[in-house]
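Trainee: Take this structure first; my questions come after.
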Amino acid sequence: MNITVYLGASVGNDPAFLPAVQELGNWIGSNGHALVYGGSKSGLMGALADSVLEAGGHVTGVEPSFFIEAEFQHEGIDDLIVTSDMAERKAKMIELGDAFIAFPGGTGTLEEIAEVMSAVSLGHLSAPCILYNLGGYYNDLKALLGHMIEKALSSPQRQQGIYFADDLREIASIINGQVLSLFRYDSQWCRLQRGWLACLGNARSTIKRIYVDFDRGRTRWIALPNPKTARCF
């Protein structure tokens, strides 16, 4: 699973940030996931990328050209995608992601995760949007979302898929639940339902078999004549 993580290019002044981001990176890399992030070598961003790489994971950075000109890019990552501007960078990071995490960060992090939250609320994105509420960092944002519901400007249904996780254990639980029940087939999101695979978009029936990696094990699926379903055997 590609996990897009938004976070700052500085380390901040909370001593809990650095070990927490290293723990997150180690978990991503050691559990067979891949990191998509902003591509910087600095601060928490650089520490996250280094931790994923040290754990044997794949890292893709997405960085606008003006940051490349300033030599902010991480030279040791597996792939670096250069975009023309910040808008293209945000779109590419969403395109590549299967799950999204906002680590404590600044206004840039807030802007990026807000775009993901909006897409989830509109039903344009079927992926978990997780705010890493380390030390209560996002408590005020959580309260604001609740206030929106109280004022009938949002609803619990619109906010489904937005999670606040206090620690890595909660993040892992959310993402592992998604891995077991939700994945991509032919570029479409699919969900396991009562032993059947229901695809939420069109899938080409010409594909005869789908191989899905669940919890480091292989589960084989075969396409049925109806291109929107498949059965396990």
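The values are calculated or read from the model by the stated rules, or taken from the named source; none is laboratory data. What you see is a predicted model; the values in this text were computed from it and never measured. All Cβ positions, glycine included, derive from the backbone under ideal geometry; neighbour counts span all protein chains shown. The accessibility values were calculated without ligands, DNA or RNA, using every heavy atom of the protein model including side chains. Shrake-Rupley method; radii C 1.70, N 1.55, O 1.52, S 1.80 Å.
Trainee: Rounded, prolate or oblate: which fits region 92-137 when a ≥ b ≥ c are the square roots of the eigenvalues of the alpha-carbon gyration tensor, with rounded for a/c under 1.5 and prolate only if a/b beats b/c?
Mentor: Here region 92-137 falls in the prolate category.
Trainee: Another question, then. So what does Ser121 come to for accessible area, using a 1.4 Å probe and Å² rounded to 10?
Mentor: Estimated to the nearest 10 Å², Ser121 gives 30 Å².
Trainee: Run the numbers for Ser155 and Ala16: contour at 0.36 nm per residue of separation, minus the present Cα-Cα distance, in nm. The partial results should precede the final answer.
Mentor: On the way: separation 139, 0.36 × 139 = 50.04 nm, distance 3.30 nm.
Full extension from Ser155 to Ala16 adds 46.7 nm.
Trainee: Amide H to amide H, which residues 5 or more places from Leu80 or on other chains are under 5 Å from it, using H placed in the peptide plane?
Mentor: Here Gly61 satisfy the definition.
Trainee: What relative contact order, as a whole-number percentage, does region 1-108 give when Cα pairs under 8 Å and 6 or more residues apart are counted?
Mentor: Rounded, it is 34 percent for region 1-108.
Trainee: Got the relative contact order for region 91-171 handy, in percent, Cα pairs under 8 Å and 6 or more residues apart?
Mentor: 33 percent.
Trainee: Phe66 versus Ile174, label points 7 Å from Cα toward the beta carbon: distance in nm?
Mentor: Rounded to a tenth, the inter-label distance reads 3.1 nm.
Trainee: Loop only per DSSP, at most 16 neighbouring Cβ atoms within 10 Å: give me the trypsin sites (Lys or Arg not before Pro) in region 34-133, ordered by residue number.
Mentor: none
Trainee: Does region 1-122 classify as rounded, prolate or oblate by the C-alpha gyration tensor (a ≥ b ≥ c root eigenvalues; a/c under 1.5 gives rounded; else a/b over b/c gives prolate, otherwise oblate)?
Mentor: Rounded shape, in that the Cα axes give a/c under 1.5.
Trainee: Let me ask something else about it. Could you give the nm distance between label points at Asp79 and Asp166, where each point is 7 Å from its Cα heading toward the beta carbon?
Mentor: 3.7
Trainee: Report Met148's accessible area, 1.4 Å probe, all protein chains in place, as a number in Å² to the nearest 10.
Mentor: Surface accessible to solvent at Met148 totals approximately 70 Å².
Trainee: Using a 1.4 angstrom probe with every protein chain in place, what is the largest-first accessible-area order of Ser155, Ser10?
Mentor: The most accessible residue leads, giving Ser10, Ser155.
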